[in-house]
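These notes are about the structure you will find just below.
Every number in this text was worked out from the coordinates using simple rules, so none of it is lab data. Computed from a predicted model, the values in this text were never measured in an experiment. Neighbour counts are summed over all protein chains in view; Cβ atoms, including those assigned to glycine, are modelled from backbone coordinates with ideal geometry.
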Amino acid sequence: MVVIDNRGLILSFSSAAEAMFGYAEHEVVGEDVSILMPSPDRERHDGYLERYHHTGERRIIGIGRVTTARRRDGSTFPIELSIGEARSEDGQIFTGFIRDLTERQKTERRLQDLQGELTHVSRVSAMGTLAAALAHELNQPLTAIANYMEGARDLVGATDPETIAMIREALDEAAQQSVRAGQIVRRLREFIARGEAEKRIESLSKLVTEANALALVGAGEQGIEVTVSLDPSADQVLVDRIQVQQVLLNLIRNAIEAMHDAPVRRLEITSRAEGESLVHMMVADSGGGLDPDVAARLFEPFLSTKDGGMGLGLSICRTIIEAQGGRIWAEPSPLGGTAFHFTLIASTPVEAAND
Ligand code: ADP
């Protein structure tokens, strides 16, 4: 538990907080509470307080959220933060209750990994079954078309009306069979589309903060500097939250892995409105960049340069993003490594109200 005054200065720091952050109470009392936060909250916290004093609008007080905190040694860790407000004789104070989520999130991450594998396995076997069924079903009309066409070819050149009628009949049959083949393909497509994502209006900043906290478990020790800058005008998106978080997790983990041996480790997550209907997101790293052999086939399944890598992350990312009406691609990163870009469908608050 950490108590601050209305200017953000620490008034008291519990012994559990001492253990969690690595500071002794006497070192932090009187300091700005932003020392316990990573960027960008670190720089913005004074502004958050000021806005609250000014507008009285509660964005976190009494609501609570999952976010990231910073230990004395600079490492970051995921937390659940709830803030209460009280008035004492000396004025207004805020109490922060902080729960370290590292352990819980490790478990959750493991669960998510397992879930991801499971989804994948079922997807692969479902696709295998579908492919076999498709091959079988398509084979029939295709064989029939080939037969009719060959028959017709052998008869071409005849002039008697009877033979010409047979040619016409063979061509008609071939046309019907190709319509049937088309129907089979269409049915298959409908079947796949039925497993579509469940889309809702979500806050991108909440979604990103959570995914980021989850992905960064353990990354703090690797000294990665993370910058998150989200366009507040493009916060509402129409997405399946879990699936988009899965995409962010994959991209962030890939970025962290790509920076393993890099001298500078910087990760940047940004969003901005693109036109009226899209939100453009970027996850950029300062790692070694893409292997040229990989670049052209980046989103294909089972393509990996890692020992023990499954090479499925990016192909799943693409499936998810495209199913939600977006696009995903990679470019060289402004930080020197790779930048993954993707688009999501924006939703205006007006639509939210009508939903
Ligand atoms: P996996 O991580 O299991 O290898 P992915 O589909 O997520 O599978 O990634 C495929 C390959 O793309 C990786 O093995 C790696 O070579 C390359 N890659 C992905 N993200 C990055 C990145 N941020 N920087 C450099 N290479 C990357």
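If the segment from ILE93 to GLU331 were pulled out straight at 0.36 nm per residue, it would be longer than the present Cα-Cα gap by 81.0 nm. Each Lys and Arg Cβ is given +1 and each Asp and Glu Cβ -1; about its Cα centre, the chain then shows a dipole of about 340 debye. The simple spin-label model puts a point 7 Å past each Cα toward its Cβ; for ASP160 and GLU85 those points are separated by 9.9 nm.
The H on the amide N of ASN6, modeled in the peptide plane, is under 5 Å from the matching H of GLN92, each at least 5 residues off or on a different chain.
Please say if the range 220-355 is rounded, prolate or oblate, where rounded means a/c under 1.5 for a ≥ b ≥ c the square roots of the C-alpha gyration tensor eigenvalues, and otherwise the choice is prolate for a/b larger than b/c and oblate otherwise? Prolate shape, in that a/c is at least 1.5 and a/b is the bigger ratio. Distant-in-sequence amide contacts of TYR23, defined by a placed amide H-H separation under 5 Å and a gap of 5 or more residues or a different chain, comprise ARG72.
Taking the Cα atoms only, what angle lies between the long axis of helix 41-55 and the longest principal axis of the chain, rounded to 10 degrees? Value to nearest ten degrees: 80. Charge tally around ALA152: other residues with Cβ under 12 Å, Lys/Arg +1 each, Asp/Glu -1 each, net -3. Taking amide H as placed 1.01 Å from N in the peptide plane, SER304 has no amide H partner under 5 Å among residues 5 or more places away or on another chain. By other beta-carbon atoms within 10 Å, ranking LYS306, LYS199, LYS106 with the fewest at the front produces LYS306, LYS106, LYS199.
Across all directions, the shadow cast by the convex hull of the chain built on its C-alpha atoms averages 25.3 square nanometres. Ranked for footprinting exposure by Cβ neighbours inside 10 Å, fewest first, ARG7, ARG186 give ARG186, ARG7. Taking other C-beta atoms within 10 angstrom as a stand-in for reagent exposure, GLU331, GLU31 fall in the order GLU331, GLU31, fewest first. Remark: the range 93-105, residue by residue, has Karplus-estimated 3J(HN,Hα) of 10, 10, 10, x, 9, 10, 10, 6, 9, 3, 5, 4, 6 Hz, where x stands for each Gly or Pro and the curve is 6.51 cos²θ - 1.76 cosθ + 1.60 at θ = phi - 60°. Computed from backbone phi, the HN-Hα couplings of the range 340-346 come to 9, 10, 8, 10, 10, 7, 7 Hz, rounded to whole numbers (Karplus: 6.51 cos²θ - 1.76 cosθ + 1.60, θ = phi - 60°; Gly and Pro given as x). Counting only DSSP beta bridges with both residues in the chain, the antiparallel share comes to about 90 percent. For the range 247-254, putting each phi into the Karplus relation 6.51 cos²θ - 1.76 cosθ + 1.60 with θ = phi - 60° gives couplings of 4, 4, 4, 4, 5, 5, 5, 4 Hz, in residue order, rounded to whole numbers and with x for Gly and Pro.
Modelled this way, with points 7 Å down the Cα-to-C-beta line, the labels at LEU171 and PHE302 are 4.3 nm from one another.
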